[in-house]
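Data block below; observations after.
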Amino acid sequence: LSLVSAMNRVQLLGRVGQDPIMRQVEGKNPVTIFSLATNEMWRTGESEVGQGALLLLCTAGDVSQKTTWHRISVFRPGLRDVTYQYVRKGSRIFVEGKIDYGEYTDKNNVRRQATTIIA
């Protein structure tokens, strides 16, 4: 019998896009924020040829790459401070957390959606 009825869990391995910043919103605890880039690579024109238990991978084609940027927020006090102090642009790090979908109003009073990983 499982006690888990739902799960929101993310694991990312990538490179930090800029040095973390720490923000303090009035009346709330500080948060450390940084961006993380993950890369996905594949060969264009790649095809699979199945032959019984043997699978041959034809590697004709060019290599393509897609970079995805993730906004990471760290709220937990000890982790937040260590992240701010030691993580730097270009660092390769592993992040585990949950996805948070939110909305905010930008400086032009336009409602926008934001996706954040809460580490």
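The values are calculated or read from the model by the stated rules, or taken from the named source; none is laboratory data. This structure is a prediction, so every number in the text was calculated from the model and none was measured. Cβ sites come from the backbone with ideal geometry, for glycine too, and all protein chains shown count toward neighbours. For the accessible areas, the whole protein counts, side chains as well, though only heavy atoms, and no ligand, DNA or RNA atoms are used. Shrake-Rupley method; radii C 1.70, N 1.55, O 1.52, S 1.80 Å.
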Revision key, fill the gap. When every residue in region 62-102 that is of a type in the set (S, T, N, Q) and open to solvent by 100 Å² or more (accessible area, probe 1.4 Å) is compared, the one farthest from V16 (Cα to Cα) is Q65
**Study point:** Cβ-Cβ under 6 Å pairs, at least 6 apart or on other chains, region 1-29 side within 14 Å of H70 (Cβ to Cβ), far side open to solvent by 70 Å² or more (accessible area, probe 1.4 Å) and part of a strand (DSSP E or B)
**Key:** Q11/E96; L13/F94; R15/R92
Point to revise | Among residues of region 110-119, those that are within 22 Å of K28 (Cβ to Cβ) and either loosely packed, with under 10 Cβ neighbours inside 10 Å or touching a helix residue (DSSP H, G or I) at 6+ places or on another chain (Cβ under 9 Å) (or both), counted | key: 3
Review point. Are any residues in region 1-41 modelled with pLDDT of 95 or more and exposed (fewer than 10 other Cβ atoms within 10 Å of the Cβ), and if so, which ones?
Key: N8, R9, Q11
Check your understanding: If you take the residues in region 76-105 that are over 18 Å from the mean Cα position of the chain (by Cα) and touching a residue at least 24 places away in the same chain (Cβ under 8 Å), which one is farthest from N29 (Cα to Cα)?
Key -> D81
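Of all the strands (runs of 3 or more DSSP E) wholly in region 42-84, which have at least 3 residues that are at pLDDT 95 or above?
63-74
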